[in-house]
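Structure first, commentary second.
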Amino acid sequence: MIDFTRLSEEELIIRLNSGEAGAFNEIYNRYWKKLFSDAYKRLKNKELCEEVVQEIFTNLWIKRNDL
């Protein structure tokens with residue numbers, strides 16, 4: 001079994017590109033808080049920020065083959 005927490009960003013992207021959900025989950029865990037924080041600095045609305053970040057990750061999964 002792969003420990004995705006030990007993979008570099010480049011390795012995660014390669015695995016995400018091949019459709020590995022574990023790679024997606026690790027990217028989500030690494031970057032959700034940072035993306036939310038940056039969005040909140042601009043939007044000042046928790047619900048809207050959650051929607052924006054969710055949309056980012058949804059698009060990342062949908063477009064994973066284009067990475």
ask   = Setting aside same-chain residues fewer than 8 positions from LYS46, which lysines have a Cα under 20 Å from its Cα?
value = LYS33, LYS34
task = Could you tell me what fraction of 2.2 N^0.38 Å the Cα radius of gyration of the chain comes to, as a two-decimal ratio?
result = 1.19
remark   = Any helix of the chain counts here only if DSSP assigns it H throughout, its Cα atoms span 18 Å or more along the axis, and its mean Kyte-Doolittle hydropathy is at least -1.0, and such helices are 21-43, 46-62
task = Enumerate by residue number the trypsin sites (Lys or Arg not before Pro) in the stretch 31-67 meeting two conditions: DSSP loop (anything except H, G, I, E, B), and at most 13 other Cβ atoms within 10 Å of the site's Cβ.
result = LYS44, LYS63
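FYI, it's all coordinate maths here, none of it is from the lab. What you see is a predicted model; the values in this text were computed from it and never measured. Positions of Cβ are backbone-derived with ideal geometry, glycine not excepted, and every protein chain shown enters the neighbour counts.
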